[in-house]
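Below you'll find the structure I mean.
The values are calculated or read from the model by the stated rules, or taken from the named source; none is laboratory data. Nothing here was measured: the structure is a model prediction, and the numbers come from that model. Cβ: placed from backbone, ideal geometry, glycine included. Neighbour counts: every protein chain shown. Accessible surface is based on the protein model in full, side chains and every heavy atom, while ligands, DNA and RNA are left aside. Shrake-Rupley method; radii C 1.70, N 1.55, O 1.52, S 1.80 Å.
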Amino acid sequence: MAERKSTGLLMMMLEPTPAIAMTLPADVREKLAELELELSEGDITQKGYEKKRGTLLAPYIPQIQGVDPCLLSSQTALRPTGPKHNKTRASNTRDERFRSDLHTEAVHAALAKYKERKMPMPSKRRSVLVQSSVEACTPPDTSSASEDEGSLRRAGRMVLSTPYQNHPAPTVEHWFNRVIQGSSTSSSASSTSSHPGGRASTHATAANAGAVPHTQIENQSTPPDVTGLSECLLNKDRDRHPVASVRVPRGYNNYSVMETADGVPVNSRVSSKIQQLLNTLKRPRRPPLREFFVDDFEELVDVQQPDPNQPKAKGNQMSLLEGEPLGLVGSWPPSLLTSLQRWGTAHPKSPCLTALDNAGKPVYTLTYGKLWTRSQKLAYTLLNKLSTRNEPLLLPGDRVALVFPNNDPVMFMVAFYGCLLAELVPVPIEVPLTRKDAGSQQIGFLLGSCGVTLALTTDACQKGLPKAQTGEVVPFKGWPRVLWFVTDGKHVVKPPKDWQPTIREASNEIAYIEYKSSKEGCTMGITVSHSTILDHCHALIQACVYTEGETICNVLDFKRDAGLWHGVLTSVMNRMHVISISYSLMKANPLSWIQKVHTYKARVAVVKSRDMHWSLLAQRDQRDVNLSSLRMLIVADGANPWSISSCDAFLNVFQARGLRPEVICPCASSAEALTVAIRRPPESGVPPPGKAVLSMSGLSHGVIRVDTDEKLSVLTVQDVGQVMPGALVCVVQVEGTPCLCQTDEVGEICISSQNTNITYYGLPGMTKNIFQTIPVTASGAPISDRTFTRTSLLGFIGPDQLVFIVGKMDGLMTVSGRRHNADDVIATALAVEPIKFVYRGRIAVFSVSVLHDERIVMVAEQRPDASEEDSFQWMSRVLQAIDSIHLVGVYCLALVPANTLPKAPLGGIHISETKQRFLEGALHPCNVLMCPHTCVTNLPKPRQKPPEAGPASMIVGNLVAGKRIAQACGRDVTQLEDNDQGRKFLYMQDVLQWRAQATPDHSLFIVLNAKGTVSSTASCLQLHKRAERVAVTLMEKGRLNTGDHVALVYPPGIDLIATFYGCLYAGCVPVTVRPPHPQNLATTLPTVKMIVEVSKSVCILTTQAIMKLFKSKEAAAAVDVKSWPLVLDTDDLPRKKSFQMYKPSSPEMLAFLDFSVSTTGILAGVKMSHVATSALCRSIKLQCELYPSRQIAICLDPYCGLGLALWCLCSVYSGHQSILVPPLELETNVSLWLSTVSQYKVRVTFCSYSVMEMCTRGLASQTEALRLRSVNLSCVRTCMIVAEERPRIALTQSFAKIFKDLGLSPRAVSTTFGCRVNVAVCLQGTSGPDPTTVYLDMRALRHDRVRLVERGSPNSLPLMESGKILPGVKVVIANTETKGPLGDSHLGEVWVSSPHNATGYYTVFGEEALHVDHFSTKLSFGDTHTVWARTGYLGFLRRTELTDASGERHDALYVVGSLDETLELRGMRYHPMDMEISVIRSHKSISECAVFTWTNLLVVVVELSGSEHEALDLIPLVTNVVLEEHYLVVGVVVVVDPGVIPINSRGEKQRMHLRDGFLADQLDPIYVAYNM
């Protein structure tokens, strides 16, 4: 094992003086060390360990005054201090490979440099993991209030609470609950919709970012900003005033404001943790090792700028290293099988192999005679007795799988040689225990590619394989179909006397195939020829000075690598006796191999350093063991640089029992190159062994430095001896052309033997790269005419031509140009005390590629009794230690529950499978700590905005470039309709009165219930009569005046429409409000109250049922009953009396108020005049060709926007029949809308994204059932989705695809676009070209540029046209800052001019100046006369090749997203939807996602649709995908339950509501990760 040495920085508190250490007797020290090992391996509980340790130390406690007894448990404190132990530590713990006192001291010294820094600990719901400590859900943050940190608030699945509740919530963040001075809630008439799949209505508290000065703004009357986030900062590029001014009375907020001097809140757990995170991230970071790469829109250039101060190689170019010549022996057999025949006939009684049971008793000794005869039997049986359809099953050269357990070497050896005698090619593999074994699929791929059809096994093994009901072995995942043949005696046939196997001289034909797993997890077959076997055995016999009849003890896997080479091949070549020690025996008795060496007087033992450690466990009880017979102790993993401690610790203990220091012989080998080097036995007369003390910093740069300035971390490595006889060795560069290294440079060892006929089976390209390498000098000249094999070992040639290995290619991680070894990182982690929270031997380290660089990931198994806080503190210290020692950050550190990491066949962790599970999100960790802020230093440079050109120069530039100005318009209304008719239909109440007289019985409305039956209808006359009675009620009971505002609180239905017109008849202004939810009054009723107050409604019209709801006890708890204005129910209206309908004095007068909440949480009520209302209806009528004979189906909420217009206005104006399907009914019957469309053969239908999502999710698997119910959608000509956002192309495409089988034309599905200033800018309509789709470069879009790319291009973003521009509507694209017009295909703000624009936000005190810019603005250049309204949406116009109805080329409008929603990060503009699409795509269990920013941190909230144990899998995947695709570092990842992300009635996410709920700690998240 390697040791790190620290020359000065020692942790004295952990180092007792020699006197103190020596006060403990030797046997006590041994017992304590034994206890440590038992604890580390999980053989004893922590409680039992402490009890036993206390018992052992009790007699000695008085002798050790002044020293904390707990320190004595550390092995550091118990280090022997006698002169014999000064060099290395005589400890008997299994993890000695990764630990030494000096290494621990170096780590402690590194950690001592860090001050005690508080990192924000993740928040975890207690139910996530059973083994989580109940007390350790959240940390005792010093900066947070002492509230009940663990309280759960999910009663009734209410997600976000509201400040209107009279009882204060204990964790509500008061300072967020106000808008400048007061507070308003974040909901509206349109924000209480249910989410698809039963999402509860959600509303959030308001929050104020503290960006606006604390001044009284009482007279501002624009709509309230219900998030409280000041738009002054958000929209500084738009020169728009904040729409955040209505001050809600103090009665709504019962909370005081608690702030520190600098305005930081002190009473929120979440915000205090974010503050901790920000403080942590403010620490000075190391200068990045790699320069930024520049995003030039063509290619991401990753510029490598080496550190000028990094160490560089200074030595001469190395020369070839040649092993001693291969000796010529006259009696050398021509092949391995010749040796078998010779020994089997001449020495049949000689023991060949002794197998042991799990008790260590010999169960069978295979002699050479038995091996010869049994192998012949099997060969004959395989060739002559297995057939299919009278054809032999196997022919010479066929591949056969050998599936034998590790405790049955005898049957394996017989099968192996039986295949060789039959000229078949054995492929030894591990026994598959389950169908889902780690790496099983890759093994199956290897078997399939090798054409394996037969598997040989033992009877006991075959019975243990998983069986189907038929009794046959079940096919394993990825495996080809194989026949299983049992090789036990009763199944094989004795050959006839005249049959003899063909024994040829060693040739280049394949002898056997050994499997090897690569770093990426791919399993490859390495073919070894007969001649290679012969030469390798010859070289091993010469190097190890093997003699005939020697006894060798083999502890390794006999199926592959050194265990096969020494224990199966070379032993038979030299007639040696092998004592095979199985893995299961070693687990039962770690000392078994030493006992067998003593019993059989073995001359040679082949072990791994792990076996040397395990043997130390029971050595105290074996005083009579003698190892003096050993002349070679071959350490097969001596190439591991950490094996030196194993060797030294073993020698320290067993030197007194006959073990000589010189017999320890480390060797280096690889599956491709076989044995590369081995330390010779003492009788060979070779130079003494060597050690090298190397700087780890130098090694990371690939150079050898013995002295280091840092003095903190060095690596001690031992040599692996000399090169094999007859071989040439050189060291070449790891990457690029295989140039020879300099003498002080680390590279990959390459070897050339006389006959290395080794290849990768079926992979000629890789074979050429690995097995036929031609190393060259610096000038490019080949160094030899022989080809070399890359060994995948990293090392150098030291003095006396000794080979030193410092790592393997499989464990190599190149981060920012520097090389790190996985074993080194593990060693550093294990040196962090205390280590009792994880299992020492169960740590995996690997690298993943994220954003053009490798990132280090560490995964460890956590002990069940470890608390959350203890584990987190250990993780934090590990990160700090690795950062200091290796000067590299760990990207992700994850702890998983015990025994959940995939295991390799002979113990250890299956690294590639672990990595695969990590990348797939299938690791299921119980703790995760991500450090992207620390590790990712190669982000693109933040964008520096160039000085903007003036509007005039821009327009001139566009003209010079040949670009037209981006302006388009719908059809001209004046040419389409007679002006007299337009004047006649100027007021909607007049239209209804006229229709009641002209077509009294014509049915205007049909309302359906969940069963699909008609619940109510209204003809022209019925609606007119009912409206008159409502007007009479308002006049008589309400005593209202003309112009008074009336709130209409109704469920969707005829009553809402009738009362709407009743208000118009009476000269009142209707305000439609969604009724409160009976099961969620505490949240929804204050919303109703707020809209009533903000709209200044003097009266509420509603039903008796809702009226009772207002007066209920639950309602009284949320809103004071006495605070409501006059409430009238319209269930029993008076008979008609004489009534004079109100005639407005001007069409510009206010017709109705439309209140809606934006996605940013701003409640905005817009004023619609009579002329705008009739103009809106006229445009929709012309675009959709609506006439009295038409039917349209509407599945929308009727409370705001286009939904309100389609429900209440359009049918009356155009005379068509509207079939109304309330979206709420779809929760009961999800197929209601589509069944209605089919039943009534509707050509035009409207829906929302919520409805479409419900249908897509709920009916995807039921299309066949719908078809059997005769649901046919071929009648649909246009299905329009009403939205105020970018078209959701993935949803529309999946909807069209799912219902294509029901006759729905993909061309029929389209979207609309509207906003607060104009609810209907675009509608697809019934004529005109189909919607077009373009693909944008997402990177260019972040820079506010439109760059069209081909479909499928990297970073491409599909964007669908938002429908056709309505008649009478003009659109222009304007620069957000200069307000000048932009050219075609340029991104800017969409401005609209139309007769049906809203006239302004509803204001109480008439201060129009604050928002006049929204509704009446002019271009600064070009057409400076037209008055435009600013939509607040980014988009662009593009002239297409299509033609519209008038024959002109069609101008398509593409809406990219809301300006208010965009995130300004790193100088670029990001649209949340783009990030959310990426995140949802990253894992199958993410059902929904929303992103927002807080204090410059990007927060990602994901809804988990799977089980809670998957929650922590999402953290790395979310972080990775945002880094890869958007070049942003995620600050916080929040995992929540489905339905937590609030949406409005149109299906749009309310991200600001979500932000407020998160900051007020109201989401009850499953897990919150704070990325470092």
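Dimensions of the range 540-599 along principal axes (Cα, Å, largest first)?
Taking the Cα atoms of the range 540-599, the three principal extents are 34, 25, 16 Å.
Right, another one. Quick check: at a probe of 1.4 Å, how many percent of the accessible area of the range 1303-1429 sits on carbon and sulfur atoms? Don't skip to the answer; put the middle values down first.
Values: 2090 of 4010 Å².
In the range 1303-1429, the share of accessible area belonging to carbon and sulfur is 52 percent.
Over 25 Å between Cα atoms, which of K377/K608; K1297/K1484; K519/K608; K490/K596; K370/K587; K1011/K1108 qualify? Show your work: numbers first, answer last.
Working: K377/K608 35 Å; K1297/K1484 20 Å; K519/K608 21 Å; K490/K596 32 Å; K370/K587 30 Å; K1011/K1108 27 Å.
In this structure, K377/K608; K490/K596; K370/K587; K1011/K1108 lie more than 25 Å apart at Cα.
Where the centre of each part is set by its Cα atoms, how far does the range 327-396 sit from the range 1344-1400, in angstrom?
81 Å
Name the long-range amide H neighbours of R964: under 5 Å, sequence gap of 5 or more, or other chain; modelled H, no Pro or chain starts.
HN-HN under 5 Å from R964: D1384.
What would the Debye equation give as log₁₀ I(q)/I(0) for the range 843-908 at q = 0.21 Å⁻¹, counting only Cα atoms as equal point scatterers?
Ignoring solvent entirely, the Cα scatterers give -0.97.
Using the structure shown, list the pairs from K1167/K1370; K1025/K1181; K477/K516; K52/K361; K1370/K1418; K361/K516 with a Cα-Cα distance above 22 Å, or answer none. Could you put the intermediate results ahead of the total?
Working: K1167/K1370 20 Å; K1025/K1181 25 Å; K477/K516 19 Å; K52/K361 32 Å; K1370/K1418 13 Å; K361/K516 32 Å.
Over 22 Å apart, Cα to Cα: K1025/K1181; K52/K361; K361/K516.
Binned at 5 Å from 0, what are the whole-percent values of the Cα-Cα distance distribution for the range 1046-1150, short to long?
Here the calculated profile for the range 1046-1150 is 2, 12, 22, 23, 18, 11, 6, 4, 1, 0.
I'd like to compare 607-616, 1107-1116, 1486-1495: which one has the highest average count of other Cβ atoms within 10 Å, and what's the full order after that?
Values: 607-616: 24.8, 1107-1116: 15.5, 1486-1495: 21.5.
Per-residue mean Cβ counts within 10 Å order the peptides as 607-616, 1486-1495, 1107-1116.
May I ask you to give the solvent-accessible area per residue for the range 405-545, in square angstrom, as obtained with a 1.4 angstrom probe? It would help to have the intermediate numbers written out before the result.
Numbers: 6020 Å² over 141 residues.
On a per-residue basis, 43 Å².
Determine the per residue accessible area of the range 1173-1268 with all protein chains present and a 1.4 angstrom probe, expressed in square angstrom. Let's see the in-between values first.
Numbers: 2540 Å² over 96 residues.
Heavy-atom SASA per residue in the range 1173-1268 reads 26 Å².
Calculate how large, on average over all directions, the projected area of the Cα convex hull of the range 749-898 is; give the answer in nm² to one decimal. Write out the running numbers ahead of the final one.
Details: hull surface 53.0 nm².
Averaged projected area of the range 749-898's Cα convex hull equals 13.2 nm².
Using protein chains only and a probe of 1.4 angstrom, how many square angstrom of M318 are accessible, to the nearest 10?
We get 20 Å² for M318.
Return one whole number: the accessible area per residue of the range 1420-1475 in Å², for a 1.4 Å probe.
Details: 1980 Å² over 56 residues.
Accessible area per residue, the range 1420-1475: 35 Å².
Per residue, how big is the convex hull around the C-alpha atoms of the range 1251-1397? Give it to me in cubic angstrom, could you? Kindly include the intermediate steps, with their values, before the conclusion.
Details: hull volume 20.2 nm³, N = 147.
Normalising the Cα hull of the range 1251-1397 by residue number yields 137 Å³.
Which far-off residues, 5 or more places away or on another chain, put their amide H under 5 Å from the one on A1151, with H placed in the peptide plane?
Here M1168, S1169, H1170 satisfy the definition.
Can you tell me the alpha carbon radius of gyration of the range 439-535 divided by the globular rule-of-thumb value 2.2 N^0.38 Å? Show your work: numbers first, answer last.
Numbers: Rg = 16.9 Å, N = 97, 2.2 N^0.38 = 12.5 Å.
Rounded to two decimals, the normalised Rg is 1.35.
If packing is taken as the average count of other Cβ atoms within 10 Å, what order do 540-548, 1380-1388, 1061-1069 fall into, highest mean first? Write down the numbers at each step before the final one.
On the way: 540-548: 19.9, 1380-1388: 22.1, 1061-1069: 25.3.
Result, highest mean first: 1061-1069, 1380-1388, 540-548.
Mind ranking M1338, M930 by accessible surface for me, highest first, 1.4 Å probe? Please report the intermediate quantities before stating the final value.
Working: M1338 25, M930 5 Å².
Putting M1338, M930 in descending order of accessible area: M1338, M930.
Could you sort 1541-1549, 1290-1298 so that the peptide with the highest average Cβ count within 10 Å comes first and the rest follow in order?
Put in order of decreasing packing, that is 1541-1549, 1290-1298.
In whole angstrom, note down how far apart the Cα centers of the range 817-850 and the range 1262-1334 are.
Cα centroid of the range 817-850 versus Cα centroid of the range 1262-1334: 53 Å apart.
Please list, ordered by chain and number, the residues whose modelled amide H lies under 5 Å from the amide H of L1465; skip anything fewer than 5 residues away on the same chain.
Y1470
Turning to a different aspect of this structure: With all protein chains present, calculate the accessible area of Y1142 using a 1.4 Å probe and round the result to the nearest 10 Å².
It works out to around 50 Å².
Let me ask another. Roughly how far apart, in whole Å, are the Cα centres of the range 1195-1223 and the range 438-463?
66 Å
Okay, moving on. S1231 accessible area, nearest 10 Å², 1.4 Å probe?
Its heavy atoms expose roughly 10 Å² to the probe.
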